[in-house]
Every structure is written in structure tokens, then in C-alpha cells.
Amino acid sequence: MERLKMSKDVLRPLIVGILAGTLGIIAGALGIIYLDHLALSQYLKQSLPAQNDVGQIDWLREDFYDMPCQWCYLKVDENGWSAVYIKNLLHLKELINTAEREIVIPVFPTVYVPRNDDELYCNTILESNIKIGDKVLVVGAGSGSDAWVASMKSQSLVYVIEINPMAIANMKTTARLANFQVKPILGDIRDVNLPDDFTDFDFVLWNMPFLHPHEKGKKLAERNFHDGDEGSILTAFLKRLPSLLKKDGQAIVLNTVESLDYFDYPDLTTKGDGDVMIYIFSNPD
């Protein structure tokens, strides 16, 4: 049988057509990714509070909206709370459906990424005396990981004070994905004006910026609002706490062992090892 021969006039258009089709598929895929990325960018721009609510924020640059987010898998099972950074889709398939209570959340640029270092804090919330219907305030909620845990216990609206506008958007996204309600206020715990209903809390929770005295003089914006405290944040928080908690309310705080001298409470309970410690104490008023 004589082999089929193609002339250059036939072969060249065929090759060009195959290449064009391949490029079209790639362009289409990139277009879908771009549109998905654009949708996230537009969502962030629309959901973030106005900058003038907290003054000029130098670090909140326009290009932050176009940076890719990370993805995190959170679960609560018989071993307690845990967080895993998702590497890829195959990794996610290995993780998902392993716990009764689990969620996959995005972590937006500049927002603190949940990690297993937070296990002591989140497990303390799970083991706490928070009851259904209790009024709970989470300070510095970040991505909303601890607000999610608090909502499991209270099964009611979770109040939030957060200094990072990007974290406000992130926490709202987590709340929607996990189907719980939040009421966030944007501002610095040291001087933010709070609505009348931000008081009489049964519990106040905070995975704090860790006390590091050598951080003095370093601007918050340079630390992404979570890497350290020279003492002013912890001092202001403890001074304000009696106005937040009800008479027999309780605070659960994570900080370094260096901060022990700040917690002058007769009923103080601590737990933990290494450099970090949980502080549990009641309103002294």
C-alpha cells in the first residue's frame, strides 16, 4: 500500500492550526484563572472598610489586592483543633472528609496564617466553659479561625475587633463558608471607639501579638499587625478589659511567658510550655 503523502501546502496549515488550538486552550485556561482572580480582587475591594475609618494606612497598597491568597484546611476532631497549609489539589483531597467539623479557608495577603502553633489556644477555647448563647468577643481574629472555634461553642453571633482591614474581609469570608455570624469592628484595641453593644461579654478571647520588649519603636505596619508588642498593646488591652467583660466574665489570652508580670489577677490560671502560655482569668470588677 502506498503511504499517504502530504504536501507542504497541506502540512503547514495543519501544524499552524494545531498550534493555534493549543494556544487557545492555554489562553482560555489563563483567562478563567484571571477572571477568578479578578473576582476575588473585586470582592476584597468592595468588602473592605473605607480607609478613612481608621486613618491613612500606608501598608494597604493597591497591589495587595492582586496577590494570590493561601489556602488552609482547619479541622476539629477527637484530637482537638489543627491547621494544615494546602499545597495543591491532591493534598486537599487527602485531607478533606477526615473530620466531622472541617473547613477550607483562604488566607488573604497580610493576614496571619493559622498554624499548629495556635493549637494550645484553640483547644483551650474548645475546652472552655463557653455555653450555647454566651456573648463572645474575639480580638484580632485574623482569618477567622478562632472565631470559627468560638462559634462552635456559643452557636451565636461572634463579636470581633480587628485592626487589619484585609483580615476583616478574610474573617467575613470564613464566617460565610462556615455558616456562622460575626459583627466586626475595625480599629486598634488601644483607642477604637466601640458601639454600645460591645460590652457585657461572657468571654473575651485573643491570640495576642506576642510581647517582645525589644520590638519597641517598630511600627505596627512593619510587623503586619501580629508579630510583636513592646508592651503598649497588652497594657491597653488589660486596662480596657473590665469595660468589655461582664462582672463574672472570663478572658482567655495567648501570649509569651515574658508577659506573666502583666497579668496581676488573683484567680489567674496558666497553662502551656516553652515560650508561650495561656492566661485564663476573670473580670476583677
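The values are calculated or read from the model by the stated rules, or taken from the named source; none is laboratory data. Every value quoted in this text rests on a predicted model; they were computed, and no experiment measured them. For neighbour counting, all protein chains shown are included, and Cβ atoms are generated from backbone atoms with ideal geometry for every residue, glycine included.
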Identify the residue in segment 227-258 that is assigned to a helix (DSSP H, G or I) and at pLDDT below 90 and, among all such residues, is nearest to residue 137 (Cα to Cα).
-> 233
If the Cβ limit is 9 Å and pairs must be 6+ apart or interchain, which residue in segment 157-176 that is of a type in the set (Lys, Arg) pairs with which residue that is buried (at least 24 other Cβ atoms within 10 Å of the Cβ)?
-> 172/144
Any hit, segment 263-282, residues being surrounded by fewer than 20 Cβ atoms within 10 Å (Cβ to Cβ), hydroxyl-bearing (Ser, Thr, Tyr) and part of a helix (DSSP H, G or I) | no
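Test residue 272 against the stated conditions and say whether it is at pLDDT 75 or above, at positive phi and not hydroxyl-bearing (Ser, Thr, Tyr).
Yes.
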Inspect segment 156-173 for any residue being closer than 19 Å to residue 108 by Cβ, among the polar types (S, T, N, Q) and surrounded by fewer than 24 Cβ atoms within 10 Å (Cβ to Cβ) and give the result as yes or no.
-> yes
Is it the case that residue 173 is at pLDDT 95 or above and of a type in the set (Val, Ile, Thr)?
-> no
Select from segment 250-285 the residues that are in contact with a strand residue (DSSP E or B) (Cβ under 7 Å, 6 or more places away or on another chain) and of a type in the set (Gly, Ala, Ser) and list them in ascending order.
-> 251, 259, 272, 282
Among (1) surrounded by fewer than 24 Cβ atoms within 10 Å (Cβ to Cβ); (2) in a loop (DSSP other than H, G, I, E, B); (3) out of contact with any Lys or Arg (no Cβ under 8 Å at 6 or more places or on another chain), where does residue 189 come up short?
-> (3)
Out of segment 52-101, which residues are modelled with pLDDT of 80 or more, more than 18 Å from the chain's Cα centre (by Cα) and polar (S, T, N, Q)?
-> 79, 88, 97
Identify, from the list 123, 129, the residue that is over 17 Å from residue 180 (Cβ atoms), surrounded by 15 or more Cβ atoms within 10 Å (Cβ to Cβ), out of contact with any Lys or Arg (no Cβ under 8 Å at 6 or more places or on another chain) and in contact (Cβ under 8 Å) with a residue 24 or more places away in the chain.
-> 123
